[in-house]
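Q: Here it is, the structure, as structure tokens.
The values are calculated or read from the model by the stated rules, or taken from the named source; none is laboratory data. Here the structure is a predicted model, which means the values were calculated and not measured. For neighbour counting, all protein chains shown are included, and Cβ atoms are generated from backbone atoms with ideal geometry for every residue, glycine included.
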Amino acid sequence: MTTPSIALDAVVLDVVRQRRSAGESLKALAVEFGVTWQKLDKAIRNGLRTSAYPIPSTRTKAAWKSVQAASGAVLEVTSDARPLPLTEKYRPQTLAGVWGQPKVVTFLRRLAKSPCSMAVLFEGETGTGKTSAALAFARELGCDTAAGEWGGVWEIASGEQTADAVRETGRRLCLSTPQGSGWKVLIVNEADRMCRPAEVIWLDLLEHLPRRSIIVFTTNDPGLMSARFRDRCTRLAFRSDAAYLAGAARDLLLAMWKAETGRKGNLSQIEKIVLGTVEGGQASFRRAVQALGMAILSREGDES
């Protein structure tokens with residue numbers, strides 16, 4: 001007999017957390033409440049999310065996978081059914097969807113084909129796709145990103161990088177994962193902001209990485225990190241100079257405009273959006289996509 005699904009609200013989730021803390025099995029609780037253990041685990045860790053974004057149209061869904069940019073990258077859309085901002089909706093799901101960074105993509109594809117335990121340092125300005133590339137790489141390795149830690153993927157914010165947290169991370173990387181290929185990818189965002197004692201612990205851990213583990217550090221300013229730390233990583237530079245990246249940003253926005261509106265975008269308008277988001281000669285996919293979202297909303301308001 002199938003267990004009826006019980007809607008997860010704040011009250012139910014609080015009960016689940018208490019029972020989980022008391023030692024009850026996650027999978028047993030998932031069966032009881034009629035949800036997958038992955039969904040329950042995500043709710044326990046992240047809470048219940050809501051969004052004010054409008055539900056995207058699906059009339060152009062078939063086109064999302066067929067649009068090609070001049071660079072050869074594919075416009076991808078997340079399979080997540082929740083309403084999402086454009087920056088999340090079009091976050092690349094594979095390395096083929098990472099725009100404007102061909103050298104980085106080439107290296108990561110080769111590493112995914114012949115992986116080895118190592119640390120990689122993604123260097124570059126904000127909004128150039130560092131975290132997106134790390135998640136796409138994890139999928140190429142066969143990790144189950146939807147399952148989080150159970151699928152072999154961790155994301156850690158810089159503010160959480162204390163010495164004790166790094167030690168605990170090292171111990172957890174030694175454990176096997178119940179889902180995915182068995183490879184583990186740890187993404188440490190804005191690693192230059194970690195405290196100095198945490199960096200010292202990392203120096204030792206990076207010399208003795210657990211098997212089938214790849215650490216991806218991201219940073220906007222590698223100069224804030226010690227030379228010893230940088231030397232323990234393979235460094236990959238994400239380009240952001242507008243003269244180089246503006247073309248890829250333009251192609252991405254043109255494809256997104258077509259996918260969102262069903263119409264071909266105005267080239268001069270798209271180029272104006274891209275140039276308007278350049279700061280200090282540096283382009284940013286994130287800023288450009290956010291500006292495109294505002295332009296689309298303004299267009300829809302004018303038509304209503």
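Q: So is Arg45 part of a helix (DSSP H, G or I) and modelled with pLDDT under 75 or not?
A: yes
Q: For the condition touching a residue at least 24 places away in the same chain (Cβ under 8 Å), within 25 Å of Lys113 (Cβ to Cβ) and not aromatic (Phe, Trp, Tyr), what is the one hit in Pro178, Pro197?
A: Being touching a residue at least 24 places away in the same chain (Cβ under 8 Å), within 25 Å of Lys113 (Cβ to Cβ) and not aromatic (Phe, Trp, Tyr) holds for just one of Pro178, Pro197, which is Pro178.
Q: Quick test of your reading of the structure: Leu297 fulfils all but one of (1) part of a helix (DSSP H, G or I); (2) surrounded by 18 or more Cβ atoms within 10 Å (Cβ to Cβ); (3) without any contact (Cβ under 8 Å) to a residue 40 or more places away in the chain. Name the failing condition by number.
A: (2)
Q: Follow-up question, since we're still on this one. Any residue that is closer than 28 Å to Gln38 by Cβ and either without any contact (Cβ under 8 Å) to a residue 12 or more places away in the chain or among the small types (Gly, Ala, Ser) (or both) - is there at least one of those in the stretch 214-235?
A: No, the conditions are met nowhere in the stretch 214-235.
Q: Checking the conditions here, which among Arg228, Arg211 is modelled with pLDDT of 90 or more, over 21 Å from the mean Cα position of the chain (by Cα) and either in a strand (DSSP E or B) or over 24 Å from Thr106 (Cα atoms) (or both)?
A: Sole residue among the options that is modelled with pLDDT of 90 or more, over 21 Å from the mean Cα position of the chain (by Cα) and either in a strand (DSSP E or B) or over 24 Å from Thr106 (Cα atoms) (or both): Arg228.
Q: Can you tell me which residues in the stretch 175-188 are in contact with a helix residue (DSSP H, G or I) (Cβ under 6 Å, 6 or more places away or on another chain) and closer than 20 Å to Thr162 by Cβ?
A: Once the filter is applied, which keeps residues that are in contact with a helix residue (DSSP H, G or I) (Cβ under 6 Å, 6 or more places away or on another chain) and closer than 20 Å to Thr162 by Cβ, the stretch 175-188 yields only Ile187.
Quick grid of which residues meet (1) modelled with pLDDT of 95 or more; (2) under 23 Å from the mean Cα position of the chain (by Cα); (3) buried (at least 20 other Cβ atoms within 10 Å of the Cβ); (4) closer than 30 Å to Ser117 by Cβ:
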residue	(1), (2), (3), (4)
Phe217	yes, yes, yes, yes
Phe238	yes, yes, yes, yes
Gly247	no, yes, no, no
Ala255	no, yes, yes, no
Glu260	no, yes, yes, no
Asn266	no, no, no, no
Arg286	no, yes, no, no
Gln290	no, yes, no, no
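Q: Then there is this: Inspect all residues belonging to the stretch 225-232 and state whether any of them is surrounded by 14 or more Cβ atoms within 10 Å (Cβ to Cβ), more than 30 Å from Ala291 (Cβ to Cβ) and of a type in the set (Lys, Arg).
A: The answer is yes, given that some residue of the stretch 225-232 is surrounded by 14 or more Cβ atoms within 10 Å (Cβ to Cβ), more than 30 Å from Ala291 (Cβ to Cβ) and of a type in the set (Lys, Arg).
Q: Do we have Ser176 as at pLDDT 90 or above, of a type in the set (S, T, N, Q) and either out of contact with any Ser or Thr (no Cβ under 7 Å at 6 or more places or on another chain) or crowded, with 19+ Cβ neighbours inside 10 Å (or both) here?
A: no
Q: Another one. Quick check on my filter: what residues within the stretch 142-158 are in a helix (DSSP H, G or I) and either at positive phi or in contact with a helix residue (DSSP H, G or I) (Cβ under 7 Å, 6 or more places away or on another chain) (or both)?
A: Thr145, Ala146, Ala147, Gly148, Trp150, Gly151, Ser158
Q: If you check Arg171, Arg139, Arg167, which single one turns out to be touching a helix residue (DSSP H, G or I) at 6+ places or on another chain (Cβ under 8 Å) and either outside any helix (DSSP H, G or I) or surrounded by fewer than 17 Cβ atoms within 10 Å (Cβ to Cβ) (or both)?
A: Arg167 is the lone residue from the list that is touching a helix residue (DSSP H, G or I) at 6+ places or on another chain (Cβ under 8 Å) and either outside any helix (DSSP H, G or I) or surrounded by fewer than 17 Cβ atoms within 10 Å (Cβ to Cβ) (or both).
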